Amino acid sequence: MKKYKKLSYFLFALLLVVVVIAQRAISSDAKTKDSGKKAFVAVNDKLINFKDEQPVMKDKDTFVPIKDFADAIGAELQWNSVSSKTIITKDDKYIIINLKDGTAITNKEKKFTMNTIGEDKKAMIPVEKVSKYFNYEVSYISGTSIVRIKNQNATLTDKELGKKSEEITGEKVTIASNKSDEDNKKEKTKDNSEDKKVSKNNETKNNESKNDKVKSNKNKAKGDSNKNNTKDKEVKNIQQVERQVSQDKVVYLTFDDGPSAYTPQILDTLSAYGVKGTFFMLGPNINAHSNTVKRMKNEGHSLGLHGMTHNAKLIYANPEAFTQEMDEANGILEKVIGETTKLTRPPYGSKPYLKQKNRDIAVSKGYRIWDWNIDSTDSKKARVPADQIYRSTINQIVHHKEAIILFHDKKTSAEALPKVIEYLKANGYRFETINKDMVPMNFWNDTRMAK
């Protein structure tokens, strides 16, 4: 009898477990409709063809890949890989999106929260918030997963677009609503009225378009001139609104192979001009010049690693060697200042030596791989004259609004530095240091930032 009772209790408990799991599954399925559900996005009368990432509905927002969205509305997209900011420009409006801190700012200097999904150029943005800023109307076509953004160029009603897109979406258009029957009747009457209105408006537009074309042709030259003036003003305004966008000129002074006997002179110069630098250091030199490294930290410079040997045959001997050297140098750095760093610069640059497997291991350990886009040429031979270093640097920098300059802790580099800084200041460059939260810039375009 006791055995039967135990069996009954067991079966009852099992039933409860099944019920709980089923309820959670139902709840989870309900949440999925609002979190991560696939969505379709249309601009006016056409669904957007997303190439890689697909839009999703999440947290009551629909997120779309930023590049495909910009292309679909005819906007210009600019990307700042160092500051992780992107700017979408359309006509006389722009919006700057900071993917790092989830904020955005407009040309009217209005700053607000902008939640995004993903990183870098694969980031996804909330379509409704951005579309409305560019004067698009946003609607959710009833009975479908279609989010439609439209302006005066739309010719179809929402229902017509939903019907037209059935083959692509696989969703049969129904007029589902939580409203009462009476409200639905009113809505249906309203829809029919709107359909007629749209049709009538289209006829009116066609009649008016001829007159508009005449006016347009007359004002074209004037309009183009005003547009160019507006663009010039916008570029200046962006710099005032947000200093780290792609129009802004920013420079990163970086120094390799140190510390050395000349590093204190470099630090003196940076201090005199109120500028910070980023130092990619060799492990043995960190050990030999520990006081200089402590000074770097105390004065607010950014510290990175350059390995141990600076020997291509050793540091790139196998996929693990690069990371092993960085780990060893990091251990020395920690003994000196009590901290480690995630910033690395491969000796001789990441290409061609630092191949995929090498990078995979480094990234898995949390390292960021940084190269440069301006070579001061101070290491082309044993002693490059200071004036040559200066001329080589400024001749290249005119082509960069975002400059990462490669120097070395050498005598003539230290001598050239004051003149280089003066030139950069005179030409409106802002000085920044590289940090672990920035998207890496390297010759492989490997922007991974594993924790």
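Hey, if you drop one equal point scatterer on each alpha-carbon of the range 376-451 and run the Debye formula without solvent, what base-10 log of I(q)/I(0) do you get at q = 0.13 Å⁻¹?
Summing over Cα pairs of the range 376-451 leads to -0.47.
Multiply the residue gap between D91 and T340 by 0.36 nm, knock off their C-alpha separation, and tell me the result in nm, one decimal place.
Here the segment from D91 to T340 would lengthen by 85.0 nm.
By the scheme Lys and Arg +1, Asp and Glu -1, what is the net charge of all other residues having a beta-carbon under 12 Å from that of D387?
Spelling it out: positives minus negatives among the neighbours equals 0.
Across 10 Å bins from the origin, how do the percents of Cα pairs in the range 250-432 run, short distances first?
Cα pair-distance distribution for the range 250-432, in percent: 10, 39, 36, 15, 1.
If I model a spin label at S271 and N311 as a point 7 Å from the Cα along the Cα→Cβ vector, what separation in nanometres do I get?
It is 3.6 nm.
Determine the gain in length on full extension of the stretch N445-N115; use 0.36 nm per residue of separation and subtract their C-alpha separation, reporting nm with one decimal.
116.3 nm
So how do 61-67, 163-169, 381-387 stack up, highest first, on mean other-Cβ count within 10 Å?
Averaged packing, sorted descending, gives the order 61-67, 163-169, 381-387.
Taking other Cβ within 10 Å of each residue's Cβ, how do Y252, Y316 sort, fewest first?
So the residues, fewest neighbours to most, are Y316, Y252.
Any of K67/K365; K85/K294; K58/K132; K365/K401; K51/K351; K38/K121 with alpha carbons more than 22 Å apart? Name them for me.
Beyond 22 Å between Cα atoms: K67/K365; K85/K294; K365/K401; K51/K351.
Where Lys and Arg each count +1 and Asp and Glu each count -1, what net charge lies around D45 among other residues with Cβ under 10 Å from its Cβ?
Result for the local shell: +3.
Quick check: pseudo-label points 7 Å beyond the Cα along Cα→Cβ at E166 and K357, how many nm apart are they?
In this crude label model, E166 to K357 measures out at 5.5 nm.
Please list, in chain and number order, the residues 5+ apart from F255 or on another chain whose amide H is under 5 Å from its amide H, with Hs placed from the backbone.
Distant-sequence amide H within range of F255: T278, F279, F280, F407.
Sort F69, F255, F443 so that the residue with the fewest other Cβ atoms within 10 Å of its own Cβ comes first and the one with the most comes last.
F443, F69, F255
With Cβ to Cβ distances under 14 Å as the rule, what net charge do the other residues near D378 carry (K, R +1; D, E -1)?
Every neighbour counted, the sum reads +1.
Students often get this wrong: which residues of the range 40-81 have the backbone nitrogen under 15 Å from the point 7 angstrom along Cα-to-C-beta of T155?
Output list for this probe position: 44-47.
In the range 256-271, which residues have a backbone nitrogen under 20 Å from the label point lying 7 Å from D375's Cα in the Cα-to-Cβ direction?
Output list for this probe position: 256-258.
We did not get these values from a lab; they are worked out from the coordinates using the rules stated. Please read all numbers here as calculations on a predicted model, not as lab measurements. FYI the Cβ positions are ideal-geometry reconstructions off the backbone, even for glycines, and counts take in every protein chain you see.
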